[in-house]
């Protein structure tokens, strides 16, 4: 899923660059936010029968600049 998420996320970040830069959101923070929320969506969606109690919550758009989760291009995509 990262093979789709990363390219689409980069395009979305480039299109919304003025908005993201105004809110001090770097490309790494945005991609990390997307990846983290994708994991939450998987846990609460298709994997729900296998997860007794979801332990992670969504990160809101307003807290995107505080995201520490990073997607590492060389390690995570291969």
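Principal-axis analysis of the Cα atoms of the chain puts helix 27-44 at an angle of about 20° to the longest axis. Each stretch of four or more DSSP H residues adds -39500 (n - 2.57); spread over every residue of the chain, this sum gives -16000 deg cm²/dmol at 222 nm. Axis angle, to the nearest 10 degrees, between helix 2-15 and the longest C-alpha principal axis of the chain: 30 degrees.
The value given for the chain is a Kirkwood hydrodynamic radius of 13.3 Å, derived from the mean inverse Cα-Cα separation. For the pair residue 11 and residue 47, a Förster radius of 30 Å applied to the C-beta separation gives a FRET efficiency near 0.65, rounded to the nearest 0.05.
Values quoted throughout were computed directly from the atomic coordinates according to the rules given, and no laboratory measurement underlies them. None of the values given here were measured: they were computed from a predicted structure. Cβ sites come from the backbone with ideal geometry, for glycine too, and all protein chains shown count toward neighbours.
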